[in-house]
Structure formats: structure tokens, C-alpha cells
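Heads up, the thing below is written out as C-alpha cells.
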Amino acid sequence: MTGAEDYDEIARKCVPYYGAFYGTVLDFVTKDDKKILELACGTGMLTEMIVAKCPGAQVSCIDSDAWMIKKASANPALSGVEFNEGDMRNCSGNGYDAVVITQAIFFISDPDRRKLISNIYGMLNEGGRFISGDMFAPETEFEKKIYKKNWIDLMLSNGLSLPEAENMIAPIDDFCGINTIRSFSKELQNAGFSPVISPYRWGYYGVVAGYR
Ligand SMILES: C[S@@+](CC[C@H](N)C(=O)[O-])C[C@H]1O[C@@H](n2cnc3c(N)ncnc32)[C@H](O)[C@@H]1O
């Protein structure tokens with residue numbers, strides 16, 4: 001992982017098919033949404049897309065890293081967004097139409113993730129959505145090998161050196177643990193979300209959307 005300063009540039013080189021990944025997350029935030037919460041917003045890359053799509057919405061964000069929050073808050077395009085430094089595990093409130101997270105669910109433990117999912121369910125309006133675009137564990141060793149090779153090839157084609165690319169994905173299996181798209185979707189269902197769909201997958205990257 002990297003610091004707030006060069007985060008966006010690195011992300012564009014390392015997140016596979018950046019536009020398709022974030023674009024799919026964004027597909028599930030609708031123009032009619034009035035109250036949107038983004039967890040672990042980082043520098044606000046997705047936030048900027050959300051604000052552009054939903055100019056009238058009340059958008060708030062939480063991230064535990066003061067530098068990320070500082071960088072996001074300094075972006076004039078995000079002047080209407082409320083940024084809070086804090087732990088997403090403590091998020092609360094109600095009346096949300098959408099709660100969104102990208103590339104961050106793996107930072108919390110399995111029990112904390114289940115608790116967070118349940119909290120989010122309670123925070124959403126009827127018809128509200130929890131949209132998670134994240135890295136998920138592959139189901140098999142066979143997939144793992146292929147996905148890692150494809151990801152490294154993609155980063156090389158974006159200008160990273162082989163050691164940089166290998167270094168970038170070195171902790172990926174530890175990050176993902178046993179959280180597969182299938183098990184994560186099941187956790188959403190167990191919390192009451194229905195339907196739960198997974199509209200996107202590329203290697204370790206996936207998008208899961210659960211409806212309240
Ligand atoms: C890889 S970045 C992703 C940022 C952004 N969502 C994106 O897609 O560009 C992970 C972010 O999660 C934040 N984070 C990690 N654990 C957190 C927690 N428990 N509560 C809130 N934010 C957290 C980090 O500070 C970091 O900004």
C-alpha cells in the first residue's frame with residue numbers, strides 16, 4: 001500500500017480495468033439517491049465519481065487515515081462532502097440510500113466484517129443498497145495462480161517493474177483471507193440483504209451489491 005500523495009497515480013496503474021471496476025460500483029449508486037455514505041474513502045477517487053453522478057445528494061465519507069482525509073477534503077470538487085476521520089467499524093446513522101466501500105473490506109477481521117454488514121443493513125432505507133467493490137479470495141489454487149499472473153502482466157503493461165508488481169500483490173492472500181465473493185454474498189444474505197448480486201469479477205477484484 002502507498003501514501004496519500006501518490007495513491008491515485010499508483011491506483012490507476014494497479015487496479016485492473018480501473019474504469020470497469022469503479023464504474024460497476026457506481027452503476028449501483030442511482031441519481032435519485034439522496035443520502036450516501038462511503039466507507040474508507042481514501043483520497044476520494046470514487047467520491048468524486050459519486051458527486052458527479054448525484055450532484056444533489058448528501059454525501060459523507062469516513063476513513064481512519066488522517067492524511068487520506070486531508071487530501072480528499074482539499075479537493076475542490078468534493079467541497080460539499082462531509083469527511084470524517086474515524087473507524088468504519090463504528091459507523092452509525094440511518095436513512096441512507098447507498099453505503100459504498102471499495103478496496104478496504106479486507107482491512108477488518110471476519111467477525112468485524114459481519115458486524116459491519118449487519119450495521120449497514122440497519123442504516124439503509126428500504127430499497128437501499130450496500131455496494132462493495134473489493135478484492136476477494138479466489139475459490140481455488142488454480143484460480144489464484146491465473147489471477148496473479150494476469151494481474152502482474154497488467155501492471156507490467158502499465159509501466160511497473162516486475163519487483164514493483166510482485167511487491168504490490170505480495171500480501172493479497174493475507175488481505176483476502178477466506179473472504180470469497182460467494183461467502184461474502186452469503187454474509188450479506190444472512191444479514192437480511194435480498195437480492196444479493198455480483199455484477200463484476202476480474203481476478204481478485206469483484207463487486208457485490210446487496211439490496212435492503
Ligand atoms: C486501498 S485504500 C482504498 C481507498 C478508496 N476506497 C479507493 O478505492 O481508492 C484503503 C483505505 O481504507 C482505509 N481504512 C482501513 N481500515 C479502515 C477502518 N477500519 N476504518 C476506516 N477506514 C479504513 C485506509 O485508511 C485507506 O484509505
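Note on segment 80-93: among residues that are acidic (Asp, Glu) and open to solvent by 70 Å² or more (accessible area, probe 1.4 Å), the one that is nearest to the ligand (Cβ to nearest atom) is GLU85.
Before we move on, is PHE83 at pLDDT 95 or above, assigned to a helix (DSSP H, G or I), in contact with a strand residue (DSSP E or B) (Cβ under 6 Å, 6 or more places away or on another chain) and among the hydrophobic types (A, V, I, L, M, F, W, C)? No.
Rundown of residues vs (1) open to solvent by 60 Å² or more (accessible area, probe 1.4 Å); (2) among the β-branched types (Val, Ile, Thr), yes/no style:
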{"position": "GLY95", "(1), (2)": "no, no"}
{"position": "VAL100", "(1), (2)": "no, yes"}
{"position": "ILE120", "(1), (2)": "no, yes"}
{"position": "GLU141", "(1), (2)": "yes, no"}
{"position": "ASN167", "(1), (2)": "yes, no"}
{"position": "ILE172", "(1), (2)": "no, yes"}
{"position": "THR180", "(1), (2)": "no, yes"}
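The condition of being in a helix (DSSP H, G or I), farther than 13 Å from SER132 by Cα and more than 9 Å from the ligand (Cβ to nearest atom) holds for only one of ALA77, ALA11, that being ALA77.
Screening LYS115 with (1) surrounded by 16 or more Cβ atoms within 10 Å (Cβ to Cβ); (2) of a type in the set (Lys, Arg); (3) out of contact with any Ser or Thr (no Cβ under 8 Å at 6 or more places or on another chain) gives one miss only, at (1).
Scanning segment 40-64 for residues that are buried (at least 23 other Cβ atoms within 10 Å of the Cβ), within 13 Å of the ligand (Cβ to nearest atom) and in a strand (DSSP E or B) turns up CYS61, ASP63.
The values are calculated or read from the model by the stated rules, or taken from the named source; none is laboratory data. No experiment lies behind these values; they were computed from the predicted model shown. Quick reminder, even Gly has a Cβ in these numbers, built from the backbone with ideal geometry, and neighbours come from all protein chains shown. For accessibility, only protein heavy atoms count, side chains too; no ligands or nucleic acids. Shrake-Rupley method; radii C 1.70, N 1.55, O 1.52, S 1.80 Å.
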